[in-house]
Amino acid sequence: MLPSPETSASPEAADRTQSKTNPRRSGPSGPLQGQKSLFRVPMYRSSGTRPSNSERSTEGVYHARRPHRKSRSGCLPCKRRRVKCDETQPHCLRCQKHGVTCVYAGPECPTNEKGVVSVFIEKKPELVSPSSSQYSMYLLEVAEKIDELLQLGSKKRHLSDAVRALHHFHHATTPTIATQRVQILLRNQLMQLAFNTPLLMHTIIAVATSHLRYVVPDNTAYKMAEAYHWQQAISQYSKELGCAVGPHNMDALFSTCLLMTVHAFQLEEYNPRKSFVFSDDPQALSWLTLQGGLRHLLGLTRPWLFISMWWEVFMETRHESQAFEDPPPGREGLHPELADICGIDDTTTEDSNPYLAPLRMLTLLLQAERSIKSFSKYTTFMGRLLPSFWAQLAKKDPPALIIISWWLAMLDSTRCWWAETRVRSECAAICMYLENSEDPRILRLLEFPAEVCGYLLKHVRERAEMEGPLFIPYEPSQLDIDIQ
């Protein structure tokens, strides 16, 4: 509460007497003295007291805020712009004036649910002693909230595995799957959204347990929890896509689709023989086509994208990928050997050759820094591949396989724990599939991905055998002679 002005006669007289001899700014006294107040308001004087000239020149003038009603049910564009909404439905006056699509969110969650979220999100665990009872109580409260949200039916007062998984996601997993900018979004808006979206909560816990299982591969409990939460996440994601997609669920769908890349790329074991290149199953390429789902979602939600929590990230990615748009015709600037194997000449256009656009993108990626900093560029390549290229890849056409193998070799430089086994297994599979080719251009182009995945190509091995081992004749040293 704000301190109220003194009203008794004697303190006022004492204050007037002191102000004549030693003018000073009035302020709260008592136990609040020396502390900062949340609101700066004037300490009113009695009508018979006038401030001195020195007080008038040094003391700031503060005006009490006019009482107003906060807009808690305003439209999403007004909330995003941090302006007051008149809450007129279906279109508020401000949005009509600026020609903006007016969208209202669904009903908000109850206050007690938001309390749990704020405790978990805003109260940093490192600032509270893990041994304190307060710390234990709020974690138990969060555990009950998650069990209720996911309908796990737990009746025990214990710290659930889900809370541990969320803590691991917050502190350990996010730095391994996102840039610094996206990490902030994952730890704040994403977590808040998850506490009201079972679909997203399952996905986050699944990603965290996948990471835990990668770190501790022999833990069977992690393996069972990972399988359960991924199954729930995929099932609910498919069900949500079958319903209407709009501003009420687009952020949950965007977030789930992006996080599912971890599940799609993750491979249990290194086994090139299980690659799509040795399979006729059309689903064998699903790990690579997942980003096409994000592109579909972006098309469905285009009118409302500007109010998405991912808007700034998408715009940043779009800015980075502008060079990928409208590839110029011809082979100028392309990797010469790759252009040859793809049949691209000076008259080739995007319509006449399905490899021109992917090769243009690949050429730009070759100039990027080989590190996690280029991760978004690598994933953009995957999301912008067109159906004409997918058709050639499904046929195992050598140029398509070469392009994908080079992209995988560059993706390996990001050192993503969830992708490294997939990258090396698929690269080795492509090398095994094409290493018997009679085209020397294909064999030369295979050497880059083969070196990355550690696969010894047949022609490289034969060449080494023909050259023979380097033999240096042994000559005894003076030490050997003395010993004899």
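The values are calculated or read from the model by the stated rules, or taken from the named source; none is laboratory data. All figures in this text were calculated on a predicted structure; none of them were measured in a lab. Positions of Cβ are backbone-derived with ideal geometry, glycine not excepted, and every protein chain shown enters the neighbour counts. Surface accessibility is based on the protein's heavy atoms, side chains included, excluding ligands, DNA and RNA. Shrake-Rupley method; radii C 1.70, N 1.55, O 1.52, S 1.80 Å.
Report whether or not residue 479 is modelled with pLDDT under 90, among the aliphatic types (A, V, I, L, M) and open to solvent by 30 Å² or more (accessible area, probe 1.4 Å). Here the answer is yes, as residue 479 does meet what is asked. Checking each residue of the range 410-428 against the condition of being closer than 23 Å to residue 315 by Cα and either open to solvent by 20 Å² or more (accessible area, probe 1.4 Å) or among the small types (Gly, Ala, Ser) (or both) gives no match.
Scanning the range 389-408 for residues that are open to solvent by 10 Å² or more (accessible area, probe 1.4 Å) and in a helix (DSSP H, G or I) turns up 390, 391, 392, 394, 398, 399, 406. Of the residues 117, 103, the single one that is touching a Phe, Trp or Tyr at 6+ places or on another chain (Cβ under 6 Å), surrounded by 11 or more Cβ atoms within 10 Å (Cβ to Cβ), modelled with pLDDT under 75 and within 14 Å of residue 304 (Cβ to Cβ) is 103. Of the candidates 419, 394, 368, the single residue that is out of contact with any Cys (no Cβ under 6 Å at 6 or more places or on another chain), of a type in the set (A, V, I, L, M, F, W, C) and under 23 Å from residue 343 (Cα atoms) is 394.
Among the residues of the range 329-376, those identified as over 24 Å from the mean Cα position of the chain (by Cα), surrounded by fewer than 18 Cβ atoms within 10 Å (Cβ to Cβ) and touching a residue at least 60 places away in the same chain (Cβ under 8 Å) are 337, 340.
Among all positions in the range 377-388, there is at least one residue which is more than 25 Å from the chain's Cα centre (by Cα), open to solvent by 40 Å² or more (accessible area, probe 1.4 Å) and within 22 Å of residue 265 (Cα to Cα). Filtering the range 260-318 to residues that are of a type in the set (Phe, Trp, Tyr), under 30 Å from residue 430 (Cβ atoms) and surrounded by 16 or more Cβ atoms within 10 Å (Cβ to Cβ) leaves 265, 276, 287. Inspect all residues belonging to the range 242-255 and state whether any of them is within 29 Å of residue 427 (Cβ to Cβ) and out of contact with any His (no Cβ under 8 Å at 6 or more places or on another chain). For the range 242-255, residues within 29 Å of residue 427 (Cβ to Cβ) and out of contact with any His (no Cβ under 8 Å at 6 or more places or on another chain): absent.
For the range 265-316, a residue qualifies if it is outside any loop (DSSP other than H, G, I, E, B) and polar (S, T, N, Q), and the qualifying residues are 283, 286, 289, 291.
Results for (1) open to solvent by 60 Å² or more (accessible area, probe 1.4 Å); (2) at pLDDT 90 or above; (3) touching a Pro at 6+ places or on another chain (Cβ under 9 Å), shown as yes or no for each residue.
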{"residue": "169", "(1), (2), (3)": "no, yes, no"}
{"residue": "177", "(1), (2), (3)": "no, no, no"}
{"residue": "181", "(1), (2), (3)": "yes, no, no"}
{"residue": "186", "(1), (2), (3)": "no, yes, no"}
{"residue": "193", "(1), (2), (3)": "no, yes, no"}
{"residue": "199", "(1), (2), (3)": "no, yes, no"}
{"residue": "202", "(1), (2), (3)": "no, yes, no"}
{"residue": "222", "(1), (2), (3)": "yes, no, no"}
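Evaluated against (1) modelled with pLDDT of 90 or more; (2) outside any helix (DSSP H, G or I); (3) open to solvent by less than 60 Å² (accessible area, probe 1.4 Å); (4) not β-branched (Val, Ile, Thr), residue 154 falls short on exactly one condition, (1). Among the residues of the range 132-143, is any at pLDDT below 60, open to solvent by 30 Å² or more (accessible area, probe 1.4 Å), over 20 Å from residue 210 (Cβ atoms) and not in a helix (DSSP H, G or I)? Yes, the range 132-143 contains a residue that is at pLDDT below 60, open to solvent by 30 Å² or more (accessible area, probe 1.4 Å), over 20 Å from residue 210 (Cβ atoms) and not in a helix (DSSP H, G or I).
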